[in-house]
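Just dropping this structure here.
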Amino acid sequence: MKRPFIRQISAYALCAAVCGFLVINTAGCASSGKPTSSNPGKKSLGTGASFNDGEDGFQVPPFKKQAEGPGLLYIEGGMTVIGVLTQLSPHDPNPYFVRTVSVASFFIDEAAVTNIVYREYLDDLQKNDADEVYDAALPDEEVWVRALAFNDSLVKNYLRHPGFSFYPVVGVSWEQAEEFCKWRTNRVNQLIAENAGDKYDADDLDEDGALPVESGLAVAAYRLPTEAEWEHVARGMTVHATDIVESSQRIYAWDGLALREKEGPHKGKFAANFKRGPGNYKGVAGENDSNGATCAVFDYPPNEWGAYIGRGNVREWVYDLYRPLSSQDVEDFNPVRRDDTLDLASGYDTKNNASLIDNNVRVIKGCSWKDCGYWLQISTRRFLDKTESDAMTGFRCAMTSVSRMTE
């Protein structure tokens, strides 16, 4: 009989082997003398049986830290506000509803997924998966094509040329972004297993060649952030207010109501990459501060969390199914809309083209290089069919903070 994974590995050795990955301390309340996840004691409180008593005993591996994947920021959870904070026009498509909610702590990419990371993904699929899997993951490079515009160089070069390596990948649908998250989870966990050297039996890894979750060493699953998580990060509200009320919330990903930097080395320059007016993507030659289309993901300043988010460039997919009144329907702790609960798709007349809302549309957040400044407001939201893509939409990954949930 195949022996359980934990019985064959020195978990201490594995912890040392994967120390190259970023970690989060979860010591918890060990000073109280009571058992914790990181200090479970020698015997079960339920049965009195000794832990790790030979191969037949219940194996409890040491657990002190959560493995964190590269490129992620730790975001402390707390109260935040969802819903549109301002309504600039009576014809505003976003209803004026604001609600206070709380989100648990989590991790998120410091910036949108870049072309170089997505090319790494494609390279791995091309080498290790069937042709149809690789083909399904390819971004639509034709999203730059316009009948009356000369974007030929972007069609041919944007994804593949080294000069665009750290620009955000575009032409990726919500479904493709979801598949990328799955691949990234598996790939990072495979690397953790490989870094463990000869301290494990390959036959005891899961079907993807990664460490099982019981080891406590595998990273949690990468996923798209929820809409509430995205807003929480974009506001950067760490110590700005003790009472979270509407008046204390940022409208933009920076302080104030102006679209230009108020101070520092970039004083007077636009604070984001967006369309300034009809036909104005770059400003006046010699004084412009934009690339015209997208720019590198690190070109504009990060917020208090260290996240490069909410400053235009590309809007981003999030996990939520789109409904106009989701901010009123969702739970007030870790809110998300997974399906059409309380707001059925049958209530929208798509057959007669009276509505575009169905169970295939997903929320996109933020402003792109081709959008006007209105969309820089953090709470604004739009939708796109999960199978579609364009030259304005990218994505980033998030990850649940397992350690903070188990302290």
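The values are calculated or read from the model by the stated rules, or taken from the named source; none is laboratory data. It should be emphasised that the depicted structure is a prediction, and the values quoted were computed from it without experimental measurement. As a convention, Cβ positions derive from the backbone with ideal geometry for all residues, glycine included, and neighbour counts pool all protein chains shown.
In the range 163-173, is there at least one residue being surrounded by fewer than 16 Cβ atoms within 10 Å (Cβ to Cβ), on the phi < 0 side of the Ramachandran plot and at pLDDT below 95?
There is no residue in the range 163-173 that is surrounded by fewer than 16 Cβ atoms within 10 Å (Cβ to Cβ), on the phi < 0 side of the Ramachandran plot and at pLDDT below 95.
Follow-up. For the range 325-360, give me each residue that is outside any loop (DSSP other than H, G, I, E, B) and closer than 24 Å to V233 by Cβ.
Within the range 325-360, S326, S327, Q328, D329, F333 meet the criteria.
Could you list all residues from the range 287-309 that are over 16 Å from F274 (Cβ atoms), touching a Gly at 6+ places or on another chain (Cβ under 7 Å) and surrounded by 15 or more Cβ atoms within 10 Å (Cβ to Cβ)?
Scanning the range 287-309 gives N303, W305.
Keeping to the range 359-382, report how many residues are free of Cβ contacts under 8 Å to residues at least 60 places away in the same chain and either in contact with a helix residue (DSSP H, G or I) (Cβ under 7 Å, 6 or more places away or on another chain) or surrounded by fewer than 20 Cβ atoms within 10 Å (Cβ to Cβ) (or both).
Of the residues in that region, 2 qualify.
I want to confirm something. Restricting to the range 45-81 and keeping residues that are modelled with pLDDT of 85 or more and in contact with a helix residue (DSSP H, G or I) (Cβ under 6 Å, 6 or more places away or on another chain), which single residue is surrounded by the most Cβ atoms within 10 Å (Cβ to Cβ)?
This residue is I75.
OK, next. Do you know which of the residues in the range 248-274 that are over 30 Å from R99 (Cβ atoms) and of a type in the set (D, E) is nearest to the chain's Cα centre (by Cα)?
Here the answer is E261.
Further question: I'd like the full set of residues that are more than 30 Å from L321 (Cα to Cα) and of a type in the set (F, W, Y), limited to the range 121-176.
Across the range 121-176, the qualifying residues are F150, F164.
Follow-up question, since we're still on this one. Hey, does the range 12-32 have a residue that's modelled with pLDDT of 50 or more and either in a helix (DSSP H, G or I) or farther than 22 Å from Q190 by Cα (or both)?
Looking through the range 12-32, at least one residue is modelled with pLDDT of 50 or more and either in a helix (DSSP H, G or I) or farther than 22 Å from Q190 by Cα (or both).
Sticking with this structure for a sec: What is the number of the single condition among (1) in a loop (DSSP other than H, G, I, E, B); (2) at pLDDT 95 or above that V363 does not meet?
(1)
From (1) modelled with pLDDT under 85; (2) farther than 21 Å from I364 by Cβ, pick out the condition that doesn't hold for F298.
F298 satisfies every listed condition except (1).
A further question follows. Kindly indicate whether any position in the range 339-348 is touching a Gly at 6+ places or on another chain (Cβ under 9 Å) and in contact (Cβ under 8 Å) with a residue 40 or more places away in the chain.
no
Residues are listed down the side, and each one gets a yes or a no for (1) under 26 Å from G69 (Cβ atoms); (2) surrounded by fewer than 18 Cβ atoms within 10 Å (Cβ to Cβ):
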residue	(1), (2)
R311	yes, no
D320	yes, no
L325	no, yes
L344	no, yes
Y348	no, no
K351	no, yes
I357	no, no
A398	yes, no
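Any residue that is touching a strand residue (DSSP E or B) at 6+ places or on another chain (Cβ under 6 Å) and assigned to a loop (DSSP other than H, G, I, E, B) - is there at least one of those in the range 313-321?
Yes, some residue in the range 313-321 is touching a strand residue (DSSP E or B) at 6+ places or on another chain (Cβ under 6 Å) and assigned to a loop (DSSP other than H, G, I, E, B).
Exactly one of (1) small (G, A, S); (2) within 20 Å of the chain's Cα centre (by Cα); (3) within 30 Å of N157 (Cα to Cα) is unmet by S379. Its number?
Tallying (1) small (G, A, S); (2) within 20 Å of the chain's Cα centre (by Cα); (3) within 30 Å of N157 (Cα to Cα), S379 fails exactly one: (3).
Please go through the range 106-123 and give me each residue that is over 20 Å from T294 (Cα atoms) and crowded, with 16+ Cβ neighbours inside 10 Å, ordered by number.
Residues satisfying the conditions are F106, F107, I108, Y121, L122.
Please go through (1) modelled with pLDDT under 95; (2) closer than 24 Å to T185 by Cβ; (3) in contact with a helix residue (DSSP H, G or I) (Cβ under 7 Å, 6 or more places away or on another chain) for V402 and return the number of the only condition it doesn't satisfy.
(3)
Here's something else I'd like to know. Of the residues T350, T341, only one is farther than 19 Å from E110 by Cβ, modelled with pLDDT of 95 or more and of a type in the set (S, T, N, Q); which? Before you say what the answer is, go through the steps one by one.
On the way: T350 fails: modelled with pLDDT of 95 or more.
Just one listed residue meets the conditions, T341.
Can I ask one more? Any idea how many residues of the range 383-395 are surrounded by fewer than 20 Cβ atoms within 10 Å (Cβ to Cβ) and closer than 24 Å to L159 by Cβ?
Going through the range 383-395 one residue at a time, the tally reaches 5.
Anything in the range 207-266 that is among the small types (G, A, S), part of a loop (DSSP other than H, G, I, E, B), modelled with pLDDT of 90 or more and over 30 Å from P61 (Cα atoms)? List them, or say none.
A253, A258
Something else now. Kindly provide the set of residues from the range 319-358 that are aliphatic (A, V, I, L, M) and under 20 Å from W174 (Cβ atoms), ordered by number.
L321, V330, V336, A345, L356, I357
Could you figure out which of (1) at pLDDT 50 or above; (2) surrounded by 18 or more Cβ atoms within 10 Å (Cβ to Cβ) isn't true of P40?
(2) is the only condition that P40 fails.
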